[in-house]
Amino acid sequence: MTSTAVTPAPGQAPARRTGGVWPLLAAALAAHVVYAVVLLPRLQSHVLSDVDRVGWTAAVAARVASGERAYVDFDVAMPPGGIALLAALQRLRGGYWLLDELAVVAALRVALAGAACFLARGLTTRWVSGLVGVAVLALSTAITSGNAFEYLGAAALWTSLGFGVRALAGEAGSRARRSTLLAGFFAGATLAVDLNAALAATAGWVATLVVVAGCVGREARAHLRRWVARLAGGVALGVAVAVVAAAAIGAPPSAFLRSVVLDGLGVWGSLGAAVPAMVRLTIRDSAYPASLVLTAVVIVALVLLVRRRGTLSFDDERTRDEPPSRWLIASVAAVAVAGHGLAAAIVLSGASSLPWLATGLARWFEGVPSLGIPIAAVLLMSDAAARDGAPREAGFGTHLAWRAAAAFAFFGGTVSLLGLRLHPSASDASPILPVALAALLAALDRAGLRRLAAVAACACCASVFGPSLARALAAQHPVASGPWRGLRVGFRAQELQAAAALVQRSSLPGEEALVAPDDPQLGALLGRPRPPLRGAMVFGDLYPERLVDADLALLERAPPRVIVLHPRAPKELARLYGHRARAGGTLRFFEGVRALVERRGYRQAGTFRTVLPWTQGAIEVWVRP
């Protein structure tokens with residue numbers, strides 16, 4: 001296939017030639033939406049705290065919708081944006097159902113794919129950015145979270161970086177100023193939806209500024225100072241949105257800042273707990289599947305790239321106009337449609353399980369984006385900064401944008417994954433995912449391995465056959481009432497329903513029941529009032545240490561009729577939540593509840609199966625005599 005490269009003059013926007021990308025994205029999006037609708041009513045989570053996080057935003061929003069004021073009547077280190085959104089939806093719908101938040105999450109997965117495509121287009125060609133969008137649509141089904149606030153935070157974070165790389169890539173005039181302002185705005189707006197994303201944005205942009213300051217020449221320093229000022233102005237506007245969102249749910253700024261910022265940073269600021277997690281993530285754990293063959297593919301791609309282009313500079317990457325052939329576009333679209341369509345057909349067929357080999361391969365294909373991590377690292381450390389043909393008024397260019405994106409992804413992404421026992425793949429919505437994926441596909445495409453780039457994007461589509469599909473197939477039992485109304489659940493969720501039924505048999509409707517640590521979905525199933533604890537959610541980084549003594553004293557004065565322990569032992573809790581359990585107040589509160597059970601003579605009414613990440617566990621139901 002031959003093509004003619006068309007490069008616009010310095011400062012001009014890339015040519016608006018789609019090369020069939022929009023039809024490709026439309027086909028993949030349509031297939032994904034069909035699959036998402038089929039999957040939506042099936043609960044795909046174990047519903048065990050941080051193993052599979054689901055429904056937290058709606059649980060807190062239900063209290064706001066009932067008239068309570070977040071951060072005033074109760075404390076939780078969860079920003080107000082997601083709470084306000086779900087509370088408004090619950091008022092509109094007339095009640096609290098988990099299905100509503102799952103629908104919001106499904107829509108936000110599409111938004112994540114759009115943000116990834118937008119980010120990639122600021123770095124590379126329309127064709128490669130289209131491949132990134134197709135891949136992330138499929139990979140989004142593998143993200144373990146089922147909480148709207150986390151998806152809102154990831155979407156804002158990725159969008160912030162997307163606007164930032166456009167400004168750094170050499171956009172001129174008002175377009176560059178607008179992109180810089182919006183980059184700051186979305187970075188600041190992360191504080192309105194997810195503190196974890198806000199910390200990642202802070203770390204990412206600080207690292208980016210260090211890289212940019214070290215790359216541009218002295219003649220561009222004045223422009224750099226103006227760029228930083230506009231970025232800071234945008235951040236201020238985004239933070240203002242967070243304050244407005246807090247006011248919308250009845251919280252004054254001081255209460256919001258205390259509960260979200262100070263308490264949240266108090267958990268993350270525990271160096272004794274956070275440093276080992278950082279060492280594990282950056283030194284001990286594998287960053288990508290480093291098999292001999294896959295490592296060779298990455299090395300060959302870089303060697304061919306240098307031979308073909310004569311440099312590692314990506315300065316012409318956005319303006320390269322090498323549209324793919326129609327059959328290649330059609331092939332990728334066919335794979336995306338077939339993958340989502342086959343997964344939807346399997347669900348509708350009534351099948352109850354997948355072959356273990358299929359699930360295992362799908363999990364392996366989720367790691368494809370992480371192959372771009374070493375390529376992004378090479379771009380970050382390469383000295384081919386934007387010097388040739390970039391707009392001289394800024395000293396910026398596409399290669400500098402790549403370096404900045406890699407710095408943002410590595411530093412911001414490490415912070416976003418710090419509390420999770422995950423490697424940086426599709427398992428969590430870290431900024432490492434879109435940047436590494438874009439680096440991999442762009443490098444393959446530039447090296448003349450265009451078909452291999454398409455194969456890599458298609459491989460990501462296999463992730464729809466991963467654990468989320470297996471859990472959806474196991475969800476065969478319909479729920480007709482309660483907060484899970486309209487859902488189908490599997491045997492693990494049935495265990496929770498059985499535990500809830502025992503609690504209801506062991507207590508009167510007005511008597512209190514406590515789940516420790518908090519599992520919002522299990523607590524909602526109990527159908528019994530929760531003790532009026534000051535902490536809205538007794539979970540890791542959402543439960544501040546300063547509330548422990550008062551909440552334990554309240555339980556001592558008025559012990560609840562029923563206490564449900566899930567997990568049942570402090571050592572299981574510490575292993576499950578990692579450093580966040582020790583840094584926050586959750587572990588000490590849990591130990592206090594265990595002591596209360598023994599001291600007040602609670603009797604064990606029953607145990608039920610649950611699954612911990614490393615072993616079989618149990619839910620214990622204790623009843624006060």
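Name, by its number, the condition in (1) under 22 Å from the mean Cα position of the chain (by Cα); (2) of a type in the set (G, A, S); (3) not in a helix (DSSP H, G or I) that does not hold for G67. The single condition G67 does not satisfy is (1).
Enumerate the pairs (first residue in segment 495-513 and small (G, A, S); second residue anywhere and assigned to a helix (DSSP H, G or I)) with beta-carbon separation below 6 Å, excluding pairs fewer than 6 apart on the same chain, so at least 6 apart or on different chains. Within 6 Å, the pairs are A500/L525; A500/L526; A513/V503; A513/L526. Filtered by the rule that a residue be open to solvent by 10 Å² or more (accessible area, probe 1.4 Å) and over 15 Å from L533 (Cβ atoms), segment 73-88 gives G81, A84, L85, A88.
A quick yes/no check of all residues on (1) surrounded by 20 or more Cβ atoms within 10 Å (Cβ to Cβ); (2) touching a residue at least 12 places away in the same chain (Cβ under 8 Å); (3) among the polar types (S, T, N, Q); (4) not in a helix (DSSP H, G or I):
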residue: F186; (1), (2), (3), (4): yes, yes, no, no
residue: T190; (1), (2), (3), (4): yes, yes, yes, no
residue: A197; (1), (2), (3), (4): yes, yes, no, no
residue: T208; (1), (2), (3), (4): yes, yes, yes, no
residue: A213; (1), (2), (3), (4): no, no, no, no
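Among the residues making up segment 575-608, a single one is modelled with pLDDT of 90 or more, touching a Lys or Arg at 6+ places or on another chain (Cβ under 7 Å) and open to solvent by less than 20 Å² (accessible area, probe 1.4 Å): Y602. Among the numbered conditions (1) out of contact with any Lys or Arg (no Cβ under 6 Å at 6 or more places or on another chain); (2) within 30 Å of H32 (Cβ to Cβ); (3) of a type outside the set (S, T, N, Q); (4) open to solvent by 40 Å² or more (accessible area, probe 1.4 Å), the only one that P478 does not meet is (1). Restricting attention to segment 348-377, the residues that are open to solvent by less than 50 Å² (accessible area, probe 1.4 Å) and either over 23 Å from the mean Cα position of the chain (by Cα) or more than 13 Å from A462 (Cβ to Cβ) (or both) add up to 12.
Name the single residue, out of those in segment 423-444 being crowded, with 24+ Cβ neighbours inside 10 Å and not in a helix (DSSP H, G or I), that is modelled with the lowest pLDDT.
The selected residue is P424.
I need the full set of residues from segment 612-623 which are over 22 Å from L542 (Cβ atoms) and surrounded by fewer than 18 Cβ atoms within 10 Å (Cβ to Cβ), in order please. Passing the criteria: W614, T615, Q616, A618. Residues that are open to solvent by 10 Å² or more (accessible area, probe 1.4 Å), within 30 Å of A334 (Cα to Cα), basic (K, R) and assigned to a helix (DSSP H, G or I) are absent from segment 166-179 altogether. The single residue among T124, T159 that is in a helix (DSSP H, G or I), on the phi < 0 side of the Ramachandran plot, of a type in the set (S, T, Y) and touching a helix residue (DSSP H, G or I) at 6+ places or on another chain (Cβ under 8 Å) turns out to be T159. All of (1) closer than 30 Å to L24 by Cα; (2) touching a Ser or Thr at 6+ places or on another chain (Cβ under 6 Å) hold for L131 with one exception: (2). The set of residues in segment 89-116 being in contact with a Phe, Trp or Tyr (Cβ under 9 Å, 6 or more places away or on another chain) and in contact (Cβ under 8 Å) with a residue 60 or more places away in the chain consists of W97, L98, L99, R109, L112, A115, A116. For the structure I just gave you, tell me whether A345 is more than 21 Å from S140 (Cα to Cα), in a helix (DSSP H, G or I) and open to solvent by 40 Å² or more (accessible area, probe 1.4 Å). So A345 fails the test.
If you go through segment 132-156 and keep only what is out of contact with any Cys (no Cβ under 9 Å at 6 or more places or on another chain) and within 14 Å of V368 (Cα to Cα), you end up with S140, A142.
Right, R91: open to solvent by 10 Å² or more (accessible area, probe 1.4 Å), of a type in the set (D, E, K, R) and farther than 26 Å from L29 by Cβ or not? Here the answer is yes, as R91 does meet what is asked.
Might you let me know whether segment 133-149 holds any residue that is under 30 Å from L328 (Cβ atoms), hydrophobic (A, V, I, L, M, F, W, C) and open to solvent by 30 Å² or more (accessible area, probe 1.4 Å)? Within segment 133-149, none of the residues are under 30 Å from L328 (Cβ atoms), hydrophobic (A, V, I, L, M, F, W, C) and open to solvent by 30 Å² or more (accessible area, probe 1.4 Å). Residue check, A550 against (1) under 30 Å from A475 (Cα atoms); (2) without any contact (Cβ under 8 Å) to a residue 60 or more places away in the chain, all met but one. Which one? Evaluating A550 over (1) under 30 Å from A475 (Cα atoms); (2) without any contact (Cβ under 8 Å) to a residue 60 or more places away in the chain leaves (1) as the failure.
Each residue in segment 78-120 was checked for being within 16 Å of the chain's Cα centre (by Cα) and part of a loop (DSSP other than H, G, I, E, B), and 2 of them qualify.
Being among the hydroxyl-bearing types (S, T, Y) and in contact with a helix residue (DSSP H, G or I) (Cβ under 6 Å, 6 or more places away or on another chain) is a condition met by no residue of segment 600-615.
A count restricted to segment 449-475 and to residues that are in contact with a Leu (Cβ under 6 Å, 6 or more places away or on another chain) and either within 18 Å of Q44 (Cβ to Cβ) or open to solvent by 40 Å² or more (accessible area, probe 1.4 Å) (or both) stands at 5. Whether any residue in segment 31-54 is modelled with pLDDT under 75, among the acidic types (D, E) and assigned to a loop (DSSP other than H, G, I, E, B) is what I want to check. Scanning segment 31-54 turns up at least one residue that is modelled with pLDDT under 75, among the acidic types (D, E) and assigned to a loop (DSSP other than H, G, I, E, B). Count of segment 306-338 residues, restricted to those that are touching a Phe, Trp or Tyr at 6+ places or on another chain (Cβ under 6 Å) and aromatic (F, W, Y), is 1. Remark: pairs (first residue in segment 303-314, outside any helix (DSSP H, G or I) and surrounded by 13 or more Cβ atoms within 10 Å (Cβ to Cβ); second residue of a type in the set (V, I, T) and at pLDDT below 80; Cβ separation under 9 Å; 6+ apart in sequence or on different chains) are absent.
The values are calculated or read from the model by the stated rules, or taken from the named source; none is laboratory data. None of these values were measured; they are calculated from a predicted model. Backbone-built Cβ (ideal geometry, glycine too); neighbour counts: all protein chains shown. Remember, those area values only see protein heavy atoms, side chains included, never the ligands or the DNA or RNA. Shrake-Rupley method; radii C 1.70, N 1.55, O 1.52, S 1.80 Å.
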